[in-house]
Every structure is written in C-alpha cells, then in structure tokens.
Amino acid sequence: MALARSVSAPTHGVDLGRIEALMSREKARFLKEHPISGELYTETKEHFIHGVPLHWMSQWPGPHPIFVERAKGTSLLDVDDNKYVDFCLGDSGAFFGHANPVIANAIAEYVQGHGSTMMLPSEDAVYLGKELAGRFGLPTWQFATSATDANRFAIRIARMVTGRNKILVFNGKYHGSVDETQVELDSGNMVPQHGIHPNATNFPETTVCIEFNDLGALESALKAGDVACILAEPVMTNIGMVPVDEGFHDEMRKLSKKYGTLLVIDETHTICFGPSGYTGLHGLEPDFLVVGKVLAGGIPSAVYGMTSEIATQLEEMTAGPGINHYGFGGTLTGNALTARAIRATLENVATQETYDRIFLLAERLRSEISKVIEHNNLPWHVLRFGARVEYLYRPEPPKNGSEAAAARDDFIEEFIHLYALNRGVLLTPFHNMALVSPATSTKDIDYYLEVFSECIEELTGQ
Ligand SMILES: Cc1ncc(COP(=O)(O)O)c(C=O)c1O
C-alpha cells in the first residue's frame, strides 16, 4: 500500500519531504496499535486477492487493513479494541448510521417472521412503488442488487428502446464496474481507463467520453444520433467534487431530447442532497434515475426508475411467452427482505427532517475545514454537497474531471488518512470526503476538526 514518490519542490502547497518523514512515524504507530489485525491479515493473505474479500478493502491507509469488530451509529471498533469515528460509513452504504435501529429492527423482524427471498413480491411493493414514484417523479421502477447493476440495466434498456449502441459519460466519472464506462480522456482523446482491462469492450463503438460542463462537446457528441443514453451524476463526486455550471442541466436535457438520447441520472452519491437527491431538489426530469448503496441499511440494494414511455415499450418488448431473462435483474433482485429494509429507510429515516439536521453539522464541518485551510495558507478549497464534505488540493472548485484529477495527490491523501486513522477518525479511501450521517454528533465533528487541524499544522510545519 506504500506509494513511492520522488521528493522535490512543494506540491499543492505541501513539502512532500516532510510527509516522507512523518509517514514513517505514522506507519510505525499503526503497526504497534493493530497487532491482531496484522495477524489476521497474515492468514487472509493466503486466500484472498490482496488479503481481503473485496480488493478495495486493502486500499485503506496503513501497511495492512484494519479488521472490524463491530459498528454502531458512527462508532466503529476494530479487533485490536481501537475505536473510531466513522466518516466513511461504508462509502455511503451506512449513510444513515451503522445498525440504524429502525432499519436493523425491521430487517431482524422481517427475516425471522417472514423469510428473506421467495422470488415473489410482498405487500411492501405497493408502498414502495408509490413512494419511489412520488419521491423521485418517475412512475415505473425496478430493483437491482447494486448501483452498478442498476446502471447496467438502465443502459441495456436505453439500448433496447432506442436501438442505439453508444452511451455518453463524463471524464472522471464512476458508475460502478460497468464495462462501457471504463474510459477516460487523455489530452482530449478517449482511452481505456488506466489500470482497467477493457474486457473485450470496443470503446469507440460503445462509448463517448467528454468533459463535464462542456455543452459544445455534448452537442457534437449527440448530433451523430447514435447515443442511446447519457449516464451522469448530477454533480460529480468520484474524482473529488465537481459542481455543475448554472444552466447545464437545462441545456443537457434540451439537447438529449433534441437528438433522441435518453438521460440516466445516477443519484447513488448525490442522494446526500436530500430525500429525493439532487433531482428532487433541482427539479431535474431524467428518463431514468438510479439510486444504490444507501437504501437498505447496508443490505445490497438499488432501484431505478423510468418514464411511462420507456416502461410501456419495455413491457411490450418483454411480453413474449416462455422463459426469458432479458438481462436486467437476477435471482435475488427485489427480494422481500431488501424490500422491507428499503421501506423502513424511506418511511422512517430518509426524511427531510433527518437531512436538515445533517446539513447543519455538515455545513459546520465545511466552514471549519475552510478556516483551517486558510489559516495554513494552503492553496486548497473545500466544498459541501449536502451531507458530503470534501477538500481538494487546488484553490477553486474544478470545472471538470481533468481539472479535478490534476489536483489530486495520492501521497498527501495517504498521509492525512493514515494520520486520521491513527487518531480514531476514518475517512473514505480514494476521497478526501467526510460523510455526515444522522448518527453523527457535534462531538464527532469537533473531534474530526481537532485531528484535521493538528494534521495540517504538522504537514505545513506551522
Ligand atoms: C455514482 C455511483 N454510481 C454507482 C456506483 C456503484 O455502486 P456499487 O459499487 O454499490 O455498485 C458508485 C460507487 O461508488 C457511485 O459512486
């Protein structure tokens, strides 16, 4: 996990040589305080890729992963008895708090009293259909087991109903491991994404990649009339946070209609803006909407909605006799247990009241981080998207994925994350993002700020 780095002039306002020295100290502290995790890792290394059930789990800072004992609310305990305040929250899967009592009770009661999966609808489908339609403004829904799958299915359906092959994505995006999205721009040219096998995908035939906020490029791309759908987050959250230009969404919608391209809005992270995501808050009118991760208290789940025009076409196309798979959904999709967990979340937890409380704390976090940055004269900025707060190593918010990518620095990030972890603050790997949940307390925020402030002062030598 250690990142090799040449040490030269200050980068993003930071003397990397200084980090090098501090990093050795932090790694030694990590090893001393996580002996049991270290032993477990020695054993799991033999049977798992990178020693973990999901290879991302090896990308936390430190010489090996920490092994978890339990988590509740924002509090996480590892097997070495180290306690953390969790601002990663399973990278959104536990956004409403670990073991949220309302969702956890609903899950336990349902599985014990009713079972889990019967490949049949339960009565909760009645509530969920109405609730999803009312909440997100699209009338017809399907479930998936992950946001990745929901995006894959939305793309497939967009291709079925438009008869077109290509999708359009924005540089720096992440929509899960959907093959056709694994591209990036290199000096303006679309290339396979660094480090990802193309999996036999012929990208020029499947994908167009442009910069976010670039309406000119969007129109040029759509004009050819071969793009089935645009797949976009309403603001970007996976390459640092990239805000959307005023008017971009209106124009994107107009252009997509003009050229017969469907619009898929992926709200998997941006559900942090409120109970109906960025779409509800800003009145977007997509053809598909995808939400995953957060809906079922950590049980794998996702939903995607579509317009009645698409739903009608799809029902006609899939009305044939015999056994048909059609390529969207799977055996466990829409199982009754997940449906109950989603119901518990939407009915009782993902309410405006919950979000309003979160926003107060998240705004405090943002404004105090901003003060620390300013106080230490760092050329950085911090943004808040609803419940997500993230800083990036450039003075102004980026306009697109390329600008955001240029401002990232794995070495600085690894140091800050390791420093925080050693002092009991968990941050999301691959991001400088802190997620504020309904379980987050003022004390949690104050503790984060204390640790962040100390870290930056050590970093800058102030
Ligand atoms: C915007 C967005 N869409 C989809 C996904 C994929 O989610 P999952 O890994 O749960 O399938 C992610 C994951 O981070 C995401 O950020």
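The values are calculated or read from the model by the stated rules, or taken from the named source; none is laboratory data. The model shown is predicted, which means the values in this text are computed figures rather than measured ones. Cβ atoms come from the backbone with ideal geometry, glycine included; neighbour counts cover every protein chain shown. To get the accessible areas, we keep the full protein, side chains included, count just its heavy atoms, and leave off ligands, DNA and RNA. Shrake-Rupley method; radii C 1.70, N 1.55, O 1.52, S 1.80 Å.
Things worth noting here:
- Of the residues making up segment 383-409, those that are in a loop (DSSP other than H, G, I, E, B) and free of Cβ contacts under 8 Å to residues at least 40 places away in the same chain are Pro395, Glu396.
- Failed item, numbered, when Asn213 is tested on (1) within 12 Å of the ligand (Cβ to nearest atom); (2) open to solvent by less than 30 Å² (accessible area, probe 1.4 Å); (3) within 20 Å of Leu392 (Cβ to Cβ): (1)
- The set of residues in segment 305-331 that are exposed (fewer than 10 other Cβ atoms within 10 Å of the Cβ), over 21 Å from Thr145 (Cα atoms) and not hydrophobic (A, V, I, L, M, F, W, C) comprises Gly320, Pro321, Gly322.
- In segment 132-164, of all residues being within 15 Å of the ligand (Cβ to nearest atom) and among the hydrophobic types (A, V, I, L, M, F, W, C), the one that is farthest from Asn335 (Cα to Cα) corresponds to Ile155.
- Which listed residue is within 16 Å of the ligand (Cβ to nearest atom) and in contact (Cβ under 8 Å) with a residue 12 or more places away in the chain, from Val372, Val349, Val303: Val303
- For segment 167-182, the set of residues classified as in a loop (DSSP other than H, G, I, E, B) and either among the aliphatic types (A, V, I, L, M) or more than 8 Å from the ligand (Cβ to nearest atom) (or both) consists of Asn171, Gly172, Val178, Gln182, listed by residue number.
- Filter result for Tyr278 (part of a helix (DSSP H, G or I), within 23 Å of Phe96 (Cβ to Cβ) and either among the basic types (Lys, Arg) or within 16 Å of the ligand (Cβ to nearest atom) (or both)): yes
- Among the residues of segment 244-273, those that are assigned to a loop (DSSP other than H, G, I, E, B), in contact with a helix residue (DSSP H, G or I) (Cβ under 9 Å, 6 or more places away or on another chain) and more than 16 Å from the ligand (Cβ to nearest atom) comprise Asp245, Gly247, Tyr259, Gly260, Thr261.
- Boolean, Ala144 is touching a strand residue (DSSP E or B) at 6+ places or on another chain (Cβ under 6 Å), in contact (Cβ under 8 Å) with a residue 24 or more places away in the chain and aliphatic (A, V, I, L, M): yes
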